[in-house]
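This report concerns only the one structure given below.
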């Protein structure tokens with residue numbers, strides 16, 4: 001235990017300072033400052049961990065991260081051991097430490113009557129210090145097998161599966177339809193949340209370990225079919241995500257200026273990295289309306305502000321969450337509470353319990369939204385009479401999530417089935433009805449969190465290794481396996 005009285009001496013959460021809003025909205029760098037005093041803050045927070053008899057943070061984390069262990073090691077400044085314990089369960093803490101909503105913190109035992117330990121920031125700090133001190137090195141397999149694996153998709157799930165299988169000694173090729181590796185990590189997550197240097201250094205590590213990357217290949221339509229995969233590789237991992245965006249079919253949807261978030265954010269990411277973008281969708285000088293109250297909507301908000309939007313409004317059909325944990329979502333469950341992201345600090349307005357009834361425009365361009373307030377007490381939106389109003393909008397961004405994986409292409413070519421939610425059907429061990437073909441991440445689970453994607457990538461890799469060799473020494477996250485059995 002780091003400090004038996006740490007949680008009594010240090011009762012409050014302490015986090016790194018975010019850069020001033022007026023400064024950070026002028027660039028695309030990550031929002032947090034690096035300060036000399038952060039190491040002392042980190043030690044104090046790590047000391048608050050009680051090393052509980054039953055550490056619920058383990059079960060709150062889909063990866064089963066060994067949180068009390070590395071909290072103790074951070075407190076003692078033993079980062080070489082802390083990163084070893086962190087990497088034992090998580091291939092990419094540099095991603096989760098920045099992007100995960102931290103369900104581990106809402107299941108922290110200390111959180112029953114005090115603010116929980118800042119687990120997410122401790123995790124991020126461990127990996128950042130480890131890279132600074134040269135503690136992150138390629139892990140080469142002891143010996144190579146003669147087996148080959150194709151991984152389709154280079155998001156967190158595909159990368160996790162590929163790294164695990166490469167380290168097991170298999171020859172692994174990762175196929176990505178975009179021109180650079182990373183999936184949504186590359187072009188879906190804004191630079192101010194994840195600077196791509198963190199992604200690139202991980203990819204350098206994976207290349208040094210032997211993973212092969214193939215970009216600009218849309219498997220299923222670029223001369224590489226599902227049948228080709230079966231003929232050329234001993235196993236295939238489908239990790240191409242759930243990429244069909246949810247649309248809003250209301251009158252006026254055909255107007256110009258209405259775009260899916262994943263049309264808008266990738267262009268902005270490319271532009272912020274200095275890449276040329278033809279016909280970029282930009283928020284500059286416009287009234288921007290974002291439909292969808294989740295993380296992707298917040299990413300759009302922060303991006304629009306940096307582009308110089310005149311106004312930004314984020315709409316959510318559900319009522320505003322409560323500030324405190326609802327009685328129906330007791331500890332240690334992950335509660336739906338009101339949260340303020342860094343982007344929300346920067347400006348814009350959030351409007352709850354409203355529905356878009358119609359898009360209005362002039363000369364083919366959207367100019368307004370017609371909104372109505374709704375009552376969601378029945379579970380479905382019921383418009384409230386007399387609440388209709390217009391909202392100015394020259395740019396509308398749809399950030400309402402995803403409905404599944406496309407059937408056309410490799411899924412159809414392999415003869416795989418989709419379930420009623422648009423997910424590729426799979427067994428408890430992530431295998432499909434086609435021998436040697438496995439599914440990991442959002443393609444099989446549906447839209448979910450980055451931490452689940454990594455957990456599923458690791459679990460699928462263990463199943464693939466077992467398929468190829470009859471047994472495996474690769475770890476399979478307990479939480480991911482258990483939840484898959486219950487799904």
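Of the residues that make up the range 448-456, is at least one more than 23 Å from the chain's Cα centre (by Cα) and either assigned to a loop (DSSP other than H, G, I, E, B) or not assigned by TED's automatic domain parsing to the domain that holds residue 233 (or both)?
no
For the list (1) more than 30 Å from residue 266 (Cα to Cα); (2) modelled with pLDDT under 95, I need the number of the one condition that residue 79 fails.
For residue 79, the exception is condition (2).
Which of (1) under 18 Å from residue 46 (Cβ atoms); (2) outside any helix (DSSP H, G or I) does residue 91 not meet, given it meets every other one?
For residue 91, the failing item is (1).
On the given criteria, is residue 333 surrounded by 15 or more Cβ atoms within 10 Å (Cβ to Cβ) and either in contact (Cβ under 8 Å) with a residue 24 or more places away in the chain or in contact with a strand residue (DSSP E or B) (Cβ under 8 Å, 6 or more places away or on another chain) (or both)?
Judged against the criteria, residue 333 is not a match.
With at pLDDT 95 or above and closer than 30 Å to residue 87 by Cβ as the only criterion, which of 476, 471 stands out?
Just a single option satisfies the conditions, and that option is 471.
Scan 4, 16 and give me the residue that is surrounded by fewer than 19 Cβ atoms within 10 Å (Cβ to Cβ), modelled with pLDDT under 95 and within 21 Å of residue 295 (Cα to Cα).
16
How many residues, within the range 173-202, are farther than 27 Å from residue 244 by Cβ and not in a loop (DSSP other than H, G, I, E, B)?
5
Output the number of residues of the range 368-382 satisfying the condition of being touching a residue at least 24 places away in the same chain (Cβ under 8 Å) and surrounded by fewer than 18 Cβ atoms within 10 Å (Cβ to Cβ).
Residues that pass the stated criteria total 2.
Any chance the range 120-137 includes a residue that's surrounded by fewer than 22 Cβ atoms within 10 Å (Cβ to Cβ), at pLDDT below 95 and not in a loop (DSSP other than H, G, I, E, B)?
no
Given the criteria outside the structural domain of residue 366 (by TED's automatic domain parsing) and at pLDDT 95 or above, does residue 255 qualify?
no
Give me a count of the residues in the range 372-397 that are over 13 Å from residue 359 (Cα atoms), part of a loop (DSSP other than H, G, I, E, B) and under 33 Å from the mean Cα position of the chain (by Cα).
Count: 6.
I'd like the full set of residues that are part of a helix (DSSP H, G or I) and either at pLDDT below 95 or surrounded by fewer than 17 Cβ atoms within 10 Å (Cβ to Cβ) (or both), limited to the range 210-245.
Once the filter is applied, which keeps residues that are part of a helix (DSSP H, G or I) and either at pLDDT below 95 or surrounded by fewer than 17 Cβ atoms within 10 Å (Cβ to Cβ) (or both), the range 210-245 yields 227, 228, 231, 232.
So, of the residues in the range 21-36 that are closer than 29 Å to residue 47 by Cβ and without any contact (Cβ under 8 Å) to a residue 40 or more places away in the chain, which turns out to be surrounded by the fewest Cβ atoms within 10 Å (Cβ to Cβ)?
36
Which one of 426, 421, 407 is in a loop (DSSP other than H, G, I, E, B), under 21 Å from residue 222 (Cβ atoms), within 25 Å of the chain's Cα centre (by Cα) and outside the structural domain of residue 368 (by TED's automatic domain parsing)?
That would be 407, the only listed residue that is in a loop (DSSP other than H, G, I, E, B), under 21 Å from residue 222 (Cβ atoms), within 25 Å of the chain's Cα centre (by Cα) and outside the structural domain of residue 368 (by TED's automatic domain parsing).
Name the residue that is farthest from residue 298 (Cα to Cα), counting only residues in the range 246-285 that are surrounded by 20 or more Cβ atoms within 10 Å (Cβ to Cβ) and touching a strand residue (DSSP E or B) at 6+ places or on another chain (Cβ under 6 Å).
In this case the residue turns out to be 258.
Can you name the residue in the range 286-296 that is out of contact with any helix residue (DSSP H, G or I) (no Cβ under 6 Å at 6 or more places or on another chain) and within 24 Å of residue 199 (Cα to Cα) and is also surrounded by the most Cβ atoms within 10 Å (Cβ to Cβ) among such residues?
Residue satisfying both the conditions and the ranking: 295.
Of the residues 88, 40, 46, which is under 13 Å from residue 125 (Cβ atoms) and either in the same structural domain as residue 305 (by TED's automatic domain parsing) or surrounded by fewer than 19 Cβ atoms within 10 Å (Cβ to Cβ) (or both)?
40
So is residue 436 touching a helix residue (DSSP H, G or I) at 6+ places or on another chain (Cβ under 8 Å), on the phi > 0 side of the Ramachandran plot and surrounded by fewer than 19 Cβ atoms within 10 Å (Cβ to Cβ) or not?
Here the answer is yes, as residue 436 does meet what is asked.
I'm trying to understand the selection: among the residues of the range 419-429, which are touching a helix residue (DSSP H, G or I) at 6+ places or on another chain (Cβ under 7 Å) and free of Cβ contacts under 8 Å to residues at least 60 places away in the same chain?
If the condition is that a residue be touching a helix residue (DSSP H, G or I) at 6+ places or on another chain (Cβ under 7 Å) and free of Cβ contacts under 8 Å to residues at least 60 places away in the same chain, then 426, 428, 429 are the ones that fit.
The values are calculated or read from the model by the stated rules, or taken from the named source; none is laboratory data. Everything numeric in this text was worked out from a predicted model, so none of it was measured. No Cβ is skipped: glycine too gets one built from the backbone with ideal geometry, and neighbour counts run over all protein chains shown.
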